[in-house]
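Just so it is clear, none of the values below were taken in a lab; they were calculated from the coordinates. None of the values given here were measured: they were computed from a predicted structure. Glycine gets a Cβ as well: all are built from the backbone with ideal geometry, and neighbour counts include every protein chain shown.
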Amino acid sequence: MKNPRTTLAWVTAGLVVLCLHWAAIVISISNPNPIRERFGAAADFYVGPLFFQKWRLFSPDPGTYSKKFLYRCRLGVDGWTDWRSPVDELLESHYRLRVTHHGRLLRIPISFALGLAQEAAKTAREQPCAKGDEACVLNRDGLLRTRPIYLAALRYTRDRCDAEFRAAPQPLTAAQFKLALMNIPSPTQRAAGVQVPPSHYTFDPFEIPVTAPSQDRAP
C-alpha cells in the first residue's frame with residue numbers, strides 16, 4: 001500500500017519542477033526587465049541546449065523594421081571587402097543540407113542584431129544627448145562599446161574575418177561591423193511602390209595587429 005505522504009511529496013516535487021521549467025522559458029523569451037536581468041543567465045543556460053525558443057514575448061518593434069548584423073574585413077591598407085551578412089551565408093548552407101549545424105549557428109548573428117539594438121536604445125535612455133552635442137554622443141558611444149554584447153560581436157567579427165582571409169595574399173589589418181535597420185514599408189507605401197531605405201548604425205573599425213595570434217588579439 002502506497003504511503004499518502006510519499007505520493008504527496010512526489011506530486012509536489014513534480015509541480016515544483018514543472019513551475020520552474022515554465023518560469024525559465026518565460027524569463028528566457030521575455031524582453032529586458034528587472035527579473036530577466038537577475039535570472040536571465042541561469043534561464044538561458046537551462047533553456048538554450050534543449051528548449052530554445054525562436055520567439056519573444058511582447059515584441060518591441062512589431063511590424064516596423066527588422067534588424068540585420070553586417071560585417072566587413074580590410075586586407076592591407078585600404079582593401080575593404082563588401083559588407084557581408086552571416087545570416088545569408090548560414091541560411092544558404094542550411095538550405096543545402098538541413099541536418100548540419102548551420103541552422104543553430106544562425107542564432108549568433110541574430111542575437112547580435114537584437115542585442116546591439118537593445119543596448120543602443122538602453123544607452124540612449126541612460127545618457128540622453130542634446131541635438132548637436134557631439135561630445136555627449138561620443139561619450140555615449142564609448143559606453144556602448146563596453147557592453148558585453150558589443151565585445152562579443154567584436155570577437156565574432158574578428159574571428160570570421162580571420163577564418164576567411166587567413167590564407168589571403170595580403171594580411172588582415174582591420175574589421176568592422178554594423179547594425180542595419182531594414183525598414184518595413186507601411187501598406188500605403190507598398191501600394192504606392194515607395195522604397196524605404198534602411199538606416200545604419202555603423203561602429204568604428206578596429207585594427208588587428210598583423211603579427212598577433214588570433215586568440216591574443218585585443219579589441
Sort 135-146, 105-116 by the packing proxy (mean of other Cβ within 10 Å over each peptide's residues), most packed first. 105-116, 135-146
What ranking of Phe165, Phe177, Phe39 emerges when the number of other C-beta atoms within 10 Å of each C-beta is taken as an exposure proxy, fewest first? Phe39, Phe165, Phe177
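Given a Förster distance of 41 angstrom, what is the FRET efficiency for Cys19 paired with Val77, based on the Cβ-Cβ distance and rounded to 0.05? Intermediate results must be reported in sequence, preceding the final value.
Details: r = 59 Å, r/R0 = 1.45.
Efficiency, from the Cβ-Cβ distance: 0.10.
With 10 angstrom as the radius, rank Lys178, Lys131, Lys68 by how many other C-beta atoms surround their C-beta, starting from the fewest.
The order, fewest Cβ neighbours first, is Lys131, Lys178, Lys68.
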